[in-house]
Amino acid sequence: MRQYEDTYRHKGLRKNLITSLKQKGITDERVLEAINALPRHFFLDTAFDAIAYEDRAFPIGEGQTISQPYTVAYQTQLLEVKSFEKILEIGTGSAYQASVLAEMGAYVYTIERQKKLFDANKNFIFKSKYPHLKFFYGDGFEGLPTYAPFDKILITAAAPYIPVPLKAQLKVGGKMVIPVDEGNAQRMLRLTKENEEGSFREEAFDQFSFVPMLTGKRG
Ligand code: SAH
């Protein structure tokens with residue numbers, strides 16, 4: 001059995017990470033508090049223990065990665081998360097981003113298309129700490145119609161386009177943060193649903209590099 005320990009050294013490294021996220025322009029105190037509260041090294045293989053708080057993405061198996069802390073902070077800040085909001089995340093991966101949202105008091109529904117990554121979260125370490133974080137195995141292009149509508153939707157893989165079902169599953173006034181392909185990189189977009197007819201206000205932000213959002217489930 002793996003021993004999970006959050007030592008003074010880890011906490012110190014996390015403080016430094018928070019300082020560097022602030023320097024890079026992250027200002028939402030609730031986002032910074034959530035990242036400071038979460039031991040990122042618990043979400044990674046023990047081999048990464050010493051470097052878990054570097055502002056880098058790391059492999060989590062199946063060719064996938066845990067997003068860079070700056071990217072997690074950036075997307076979460078754009079999402080303007082409030083306690084008790086119902087949030088759909090596409091691309092569970094390590095469950096780190098989902099945990100940041102749960103730590104901020106949201107009701108989180110997260111979908112993963114890779115069975116192995118989904119199964120790895122069956123023993124999710126913070127299961128009892130975050131009872132409002134729910135895991136689903138499925139194709140994020142379809143969203144979760146049974147649980148819709150959502151206050152917010154967050155996509156953590158490179159989307160080729162904005163999936164229509166996700167637009168439909170957003171509440172009026174709700175926001176979607178999605179990195180959309182632009183050739184070699186993705187443009188971070190924030191859509192705000194303006195009415196039931198489905199008009200959206202679109203804002204464009206910085207470019208990022210995500211692993212691709214792929215259709216269908218993988219067993
Ligand atoms: N949020 C994750 C980042 C994971 S990387 C974290 O905090 O660790 C993106 C993830 O999206 C990968 O695990 C990939 O398998 C998953 N993914 C890609 N396309 C998907 C889809 N259509 N539906 C659900 N998950 C998808």
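Just so it is clear, none of the values below were taken in a lab; they were calculated from the coordinates. This one's a predicted model, so the numbers in the text were calculated from it and none came from an experiment. Positions of Cβ are backbone-derived with ideal geometry, glycine not excepted, and every protein chain shown enters the neighbour counts.
Observations
- Across the chain, the longest piece that holds none of the chymotrypsin sites (Phe, Trp or Tyr not before Pro) lying in DSSP loops with up to 14 other C-beta atoms within 10 Å covers 5-83.
- Dipole magnitude (debye, nearest 20) for region 26-134, charges at Cβ of Lys, Arg, Asp, Glu: 480 debye
- Antiparallel DSSP beta bridges within the chain, percent to nearest 5: 45 percent
- Angle in degrees between helix 69-79 and the longest Cα principal axis of the chain, rounded to the nearest 10: 40 degrees
- Trypsin sites (Lys or Arg not before Pro) restricted to region 109-193 and DSSP loop, no more than 12 other C-beta within 10 Å: K127, K129
- Residues in region 81-93 carry Karplus couplings, in order, of 5, 10, 4, 6, 6, 9, 10, 9, 10, 9, x, 4, x Hz; the curve used is 6.51 cos²θ - 1.76 cosθ + 1.60 with θ = phi - 60°, and Gly or Pro positions show x.
- Contour minus Cα-Cα distance for A37 and N16 (0.36 nm per residue): 6.2 nm
- For region 120-178 and region 188-219, distance of Cα centres in Å: 12 Å
- Length-normalised contact order of the chain in % [C-alpha pairs under 8 Å, at least 6 apart]: 15 percent
- Degrees separating the helix 8-23 axis from the principal Cα axis of the chain, which is the longest one: 40 degrees
- Derived scalar couplings between HN and Hα for region 159-174 equal 8, x, 6, 8, x, 4, x, 5, 4, 5, 8, 9, 5, 5, x, x Hz in order, rounded to whole Hz, by the Karplus curve 6.51 cos²θ - 1.76 cosθ + 1.60 (θ = phi - 60°), x for Gly and Pro.
- Loop sites in region 1-78: trypsin sites (Lys or Arg not before Pro), DSSP, at most 14 other Cβ within 10 Å: R2, K24, R56
- Förster radius 35 Å - calculated FRET efficiency between D206 and Q3 (Cβ-Cβ, nearest 0.05): 0.35
- Total charge dipole magnitude, the chain, about the Cα centre, Cβ charges on Lys, Arg, Asp, Glu only, Debye to nearest 20: 500 debye
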